[in-house]
Amino acid sequence: MLESIHLTKNYLNKKALDDVSIKLEKGQIYALLGPNGSGKTTWMKTAAGLTKPTSGEMLYNGSPVGIESRREIAYMSTEPYFFHWMTVGDVGEYYQDFFEDFSSDRYRELLTEMALTEDMKVRQLSSGMAAKLKIAATMARKASIFLLDEPLNGIDLIARDHIMDAVISSMENPVTMVISSHLVEEIESFASKAVFLRDGSAVEVCDVEDLRIREGKSLAYKYREIME
Amino acid sequence: MKHLLKYEFRKTRTVKTAVLISTCIFEILFLLGLICNVPVLLGTGTMGLSFCATLGMLILGLVSIAVLYRELNSPQSYMLFLTPNSSYKIIGAKVLENGITLAVGGICFTVLAGIDLFLWGVQASDFPTVMHLLSDMMGNIQLNPADIARILLVLFSGWLSVLTIAFFAVVVQASLLNGRRFGGLFSFLLFLAIVVGIGIFISNLPLGQGFLGSFLQSMVVPVSTGFLYSLLYLGFTALFYALTGWIMDKKLSV
């Protein structure tokens, strides 16, 4: 599975990740939690092979992430990233062209569920619709690992429900999922593990069920305890 | 690679369409001027076609550079680097797309120029006289198919090497500056520095006098030397393509 070993990432004047070692288990749903600037996005982008570590390693099935791991790891950025000249249909065609695990039928199903049509232009979508499109394109893949960076960011309640339905329905297969979010309460209902990042360091990895049963704490309570 | 190439062509489709439409408009003006014998239309058409052939190809190249710059300095880069393609393939598709555009554009404009010149001659005189006139013209300026091929090859390889150097400069700034301010200026200065450096290198070869000088000179030197220039430019293209791919692979974080 996916493992970061002493992962450090420095930018010109900032340390985004500092010696982060995390090992993901297969079939688990991880909540990646931390305040802004804690390193969640950098960790995910490194796992997706978009960002090169300064030191340390990010391994997928024992090998450094790269071209091969991109076939099995689906990453969804929090920012819109589709080419502005595309239509919703073009996005599906693009994913179909590049990802063997992409299902056009599943993509169309998700589009219907999210009230999107293939002739819609990407540049004309509202932020909520753009977020739905990212989810549809990403979740139409049959990837082994899904990395979803703030999928609910800036989305209204109804759109959130659609997005979470799409995410949950994609979990029928045994996949590993990492979801970063500020909305701790919303993620708590389906996350099985939680990773807490603060100032670029992994502070704690815990089992959500254990947290409730043994410590009698909710994920939100634990989050406040760690971050405050 | 074919899918990457498909989307590279798609990215510059609007500009290509604009160049094509402009060419068609000026061609129609040229033909109208020719048929109706209106010198103003003929002149406008000729001038416009010349601009389309030169500026059009230049603009297409510049747009490709701008597209790469935008992609590397925005989340659109994820569309490239999330796919299971190597950096060499990604940048290779861009170089190839420019090469194909340049080659097809160059051939089309050369053929169009030949046809227009021929029609102009036919309209001005009868066919045998035109052929004789063209033959005389060719003889006077000593232009033969080998010369035309050499000039086109030098233009093609020279411009492709310039574009590849520009891609290299853009990738270096993206790797070092990560989309910070003045990235464009940095790219441009780096590009200039490399071109000047290559110019100094070439000026020390027995082939010519600096990059631009040698580029111009390569079109008037004997055929064999012209082909040597082309090989040199293609060598620079290959070198900077490999360097760009390596930097993208090892250093670029998007």
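The values are calculated or read from the model by the stated rules, or taken from the named source; none is laboratory data. Bear in mind that the values here come from a model prediction, so they are computed numbers and not experimental data. A quick note on method: Cβ atoms are made from the backbone with ideal geometry, for glycine too, and the neighbour counts reach across all protein chains shown.
Details
- Test for residue A:15: is it more than 9 Å from chain B (Cβ to nearest Cβ), within 23 Å of residue A:190 (Cα to Cα) and over 15 Å from the mean Cα position of the chain (by Cα): no
- Pairing residues of region B:155-178 that are within 14 Å of another protein chain (Cβ to nearest Cβ) and farther than 15 Å from residue B:198 by Cα with residues that are crowded, with 21+ Cβ neighbours inside 10 Å and among the aromatic types (Phe, Trp, Tyr), at Cβ distances under 9 Å and at least 6 apart in sequence or on separate chains, gives B:173/B:69; B:174/B:69.
- Unmet criterion (only one of (1) surrounded by fewer than 19 Cβ atoms within 10 Å (Cβ to Cβ); (2) within 14 Å of chain A (Cβ to nearest Cβ); (3) in contact (Cβ under 8 Å) with a residue 12 or more places away in the chain) for residue B:70: (3)
- Region A:82-92: number of residues that are surrounded by 19 or more Cβ atoms within 10 Å (Cβ to Cβ) and either more than 16 Å from residue B:67 (Cβ to Cβ) or not hydrophobic (A, V, I, L, M, F, W, C) (or both): 3
- Of the residues making up region A:101-145, those that are closer than 26 Å to residue A:71 by Cβ, in contact with a Ser or Thr (Cβ under 7 Å, 6 or more places away or on another chain) and not in a helix (DSSP H, G or I) are A:118, A:140, A:142, A:144, A:145.
- Test result for residue B:50, at pLDDT 90 or above and over 30 Å from residue A:97 (Cβ atoms): no
- Selection of region A:93-115 for residues being more than 14 Å from every other protein chain (Cβ to nearest Cβ) and crowded, with 19+ Cβ neighbours inside 10 Å yields A:107, A:110, A:111, A:114.
- Residue pairs whose Cβ atoms lie under 9 Å apart, sitting 6 or more positions apart in sequence or on different chains, and linking a residue in region B:7-27 that is touching a residue at least 24 places away in the same chain (Cβ under 8 Å) and more than 13 Å from chain A (Cβ to nearest Cβ) to a partner that is charged (D, E, K, R) and surrounded by fewer than 19 Cβ atoms within 10 Å (Cβ to Cβ), are B:27/B:116.
- Hits in region B:198-241 (condition: surrounded by fewer than 14 Cβ atoms within 10 Å (Cβ to Cβ), at pLDDT 80 or above and either within 21 Å of the chain's Cα centre (by Cα) or among the basic types (Lys, Arg) (or both)): B:231, B:235, B:238
- Considering region A:37-90, the residues that are within 11 Å of residue A:147 (Cβ to Cβ) and of a type in the set (Phe, Trp, Tyr) include one that is farthest from the other protein chains (Cβ to nearest Cβ), namely A:43.
- Checked against the criterion of being without any contact (Cβ under 8 Å) to a residue 60 or more places away in the chain, in a loop (DSSP other than H, G, I, E, B) and out of contact with any Gly (no Cβ under 6 Å at 6 or more places or on another chain), region A:87-97 has no qualifying residue.
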